[in-house]
Every structure is written in structure tokens, then in C-alpha cells.
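The values are calculated or read from the model by the stated rules, or taken from the named source; none is laboratory data. All figures in this text were calculated on a predicted structure; none of them were measured in a lab. Here Cβ is always computed from backbone atoms with ideal geometry, including for glycine, and neighbour counts include all displayed protein chains.
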Amino acid sequence: MNTNFSDDFEVKGNFSIKKASTKYEGKLTKEEGIQLLIQEKEKLRELQERLYADGSQSLLVILQAMDAAGKDSLIEHVFGGVNPQGCNVTSFKTPSSKEYSHDFLWRHYLALPQKGMIGIFNRSHYESVLVCKVHPEYNLSEKTWKSVDDFDDKFWKNRYKSIRNFEKHIGQNGTTIIKIFLNVSKSEQKKRLLDRINEEDKNWKFSSADLPERALFDDYMECYETAINKTSKDDAPWYVIPADNKWFARVAAVQIIIDTLEKMNLQYPQLSEKEKQELQEAKKQLENE
């Protein structure tokens, strides 16, 4: 099937959130997409095994989205087939008092994947220029700042710079970064939040705190647009995926991840002549038991 979602959804040049589609409008049907996801998950498992065996690089997948956009289910459906020993998921909630006692990137450094591993950030350091920009008073918990008046253009400029430097640094030290924004429409978010209320087995997913944040939907979109434009670089690209159809978001995400892993030129370790000879001797010993 001829698809190239990496090229289709990678942010290149100036990004406009209003022009970004939330619904897939291509020729791939849902049935074809589900079948394609099954095939691509097998390919992802093989590449993850090669990444683990290679041991010289790691992959960091950053997922950002509004509430109910499908981050959790995407992780489940895309990464459900990989070896759990080679994959770590970190979901970032409100920082703890200990985390607030360090700089805003500290806890994210601690969660970075070691070489040979895939790390998944369910939300990330970008919350510091998203929710903390919509609610600037949250930054006061860092204890460095005295007033919300401190959060001026210079403050945000420095935050974006810190993020770019952080990503450049880990990229130069063996971690390839993919940043995915699941772009869900306000109307689809409403539908999914209502589903959480109307369907008993989904009640646990609903939080009354979702509604005040939903009222700020447009403010969040403006923050996403700015953050993506300030931080989408060749070595740490953003991909904006239409997310109104969950099945499509999963297919697009897995293909972007696979494309990235394939470009990493991962290799299985090569044995020396001495090691090959020892391998043959071990084979003879086992066969002669």
C-alpha cells in the first residue's frame, strides 16, 4: 500500500494550527488501516529487537495532545506487540515537590531511554510551554519566580531555547527524537468526553477537571502552534497527525516510528573470527552431548 505519512505530517516551514486537518481525508479505509497496523506492528517489533541488539542508540517518542485525543490507546495499540524489556513508557503528571525543587527539565532527563531502548513520553517537557503558559501561575511552584509578571516574552523565549538545547544535546548523544501531536477537533473531543460519561466502563476516565481545560481549547491551540514552530527542527521534528479517527492516528504514528528507526541504520553485532570459531566449537560440543 503506497503511503508516506512521515512526509505528509512532518512540520516543515511555518505551521498553522488552523490549517492542520483533524480528520484523515485520504484513500485508506478503516479496514485497510486496521490490517496495515497489524503488518506494521510486526515490522516495529523486528526493528525494536535490532535497536536493542545494536545497543548504540535510543529512540524517544514524545506524545502530546489535548485530553481525550487518544494518547493512551495509541501507546497500547502501536507498542502492544514490542518486547516490554526494550520499551519504557513515562506518563508525566503534575510535578511533585521534589521535582519542583529542580529545574523544569530535570525529571525528563531521569526518564530518558538508555541506549538500545525505546522511550515513550506520554506528555513531556512541553507541558512547561503549554499548560504552564495557559496557566502561568503554575510556574510559581518552581520557587524561582516571584510573580506572574515575571513570565514575559523573554521568559518564554528562554523556555523554548532550553527545550531546543535539551533536545539537541540528547540527539548528539545517541537519542533520536520523534515528537507527535495528535490533532483532535473540539467537536470530537466533546464526543469522547460524553462517551466517558455515558459508557459505564469508561466513567473512570472522566475527570471534572477536563471541562475547565476544554473551555480554554483555543488558548491551548495557540500555545501548541507557537511551541511547534519554535521547536520543530531536523534533528527533533514535529509530526502533526489528524486524530479524529483513532485507527488512522495509530497507523500514521507507527509508520513514522518505523521510518525513523529504519533511518537509524541499526545493525546486529558482528562477531570476530575468534568468536565465530568459538561458536562453532560450542555447536560441536552441544551436538556431541
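Asp8 satisfies every condition listed in (1) surrounded by fewer than 18 Cβ atoms within 10 Å (Cβ to Cβ); (2) in contact with a Pro (Cβ under 9 Å, 6 or more places away or on another chain); (3) modelled with pLDDT under 95; (4) not β-branched (Val, Ile, Thr) except (2). The residue of the range 86-98 that is farthest from Glu142 (Cα to Cα), among those that are crowded, with 16+ Cβ neighbours inside 10 Å and in contact with a Ser or Thr (Cβ under 9 Å, 6 or more places away or on another chain), is Thr90. So which helices (runs of 4 or more DSSP H) are wholly in the range 41-123 and hold at least 2 residues that are over 30 Å from Lys186 (Cβ atoms) and modelled with pLDDT of 95 or more? Output list reads 97-100, 106-110. For the structure I just gave you, tell me whether Gly171 is in a strand (DSSP E or B) and of a type outside the set (Ser, Thr, Tyr). No; evaluated as a whole, the condition is false for this residue. In this entry, Ser232 is excluded by the filter for residues that are hydroxyl-bearing (Ser, Thr, Tyr) and at pLDDT below 95.
Residues checked against (1) assigned to a helix (DSSP H, G or I); (2) crowded, with 21+ Cβ neighbours inside 10 Å; (3) among the polar types (S, T, N, Q):
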| site | (1), (2), (3) |
| --- | --- |
| Asp219 | yes, no, no |
| Cys223 | yes, no, no |
| Asn229 | yes, no, yes |
| Ile241 | no, yes, no |
| Ile256 | yes, yes, no |
| Pro269 | no, no, no |
| Glu278 | yes, no, no |
| Ala282 | yes, no, no |
| Gln285 | yes, no, yes |
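If only residues of the range 11-35 that are under 21 Å from Gly70 (Cβ atoms), touching a residue at least 60 places away in the same chain (Cβ under 8 Å) and small (Gly, Ala, Ser) are counted, the one that is surrounded by the most Cβ atoms within 10 Å (Cβ to Cβ) is Gly33. Check whether at least one residue in the range 196-206 is in contact with a strand residue (DSSP E or B) (Cβ under 9 Å, 6 or more places away or on another chain), at negative phi and surrounded by fewer than 17 Cβ atoms within 10 Å (Cβ to Cβ), and report yes or no. No: the range 196-206 contains no residue that is in contact with a strand residue (DSSP E or B) (Cβ under 9 Å, 6 or more places away or on another chain), at negative phi and surrounded by fewer than 17 Cβ atoms within 10 Å (Cβ to Cβ). The single condition among (1) of a type in the set (Val, Ile, Thr); (2) in contact with a Gly (Cβ under 9 Å, 6 or more places away or on another chain); (3) without any contact (Cβ under 8 Å) to a residue 24 or more places away in the chain that Ile197 does not meet is (2).
Taking the stated definitions as given, is Ala249 surrounded by 10 or more Cβ atoms within 10 Å (Cβ to Cβ), in contact with a Pro (Cβ under 8 Å, 6 or more places away or on another chain) and among the hydrophobic types (A, V, I, L, M, F, W, C)? It is true that Ala249 is surrounded by 10 or more Cβ atoms within 10 Å (Cβ to Cβ), in contact with a Pro (Cβ under 8 Å, 6 or more places away or on another chain) and among the hydrophobic types (A, V, I, L, M, F, W, C). For the range 99-113, the criterion of being touching an Asp or Glu at 6+ places or on another chain (Cβ under 6 Å), aliphatic (A, V, I, L, M), free of Cβ contacts under 8 Å to residues at least 40 places away in the same chain and loosely packed, with under 15 Cβ neighbours inside 10 Å is met by no residue.
Scan the range 183-205 and give yes if some residue there is assigned to a strand (DSSP E or B) and either among the charged types (D, E, K, R) or touching a helix residue (DSSP H, G or I) at 6+ places or on another chain (Cβ under 7 Å) (or both), otherwise no. Within the range 183-205, not a single residue is assigned to a strand (DSSP E or B) and either among the charged types (D, E, K, R) or touching a helix residue (DSSP H, G or I) at 6+ places or on another chain (Cβ under 7 Å) (or both).
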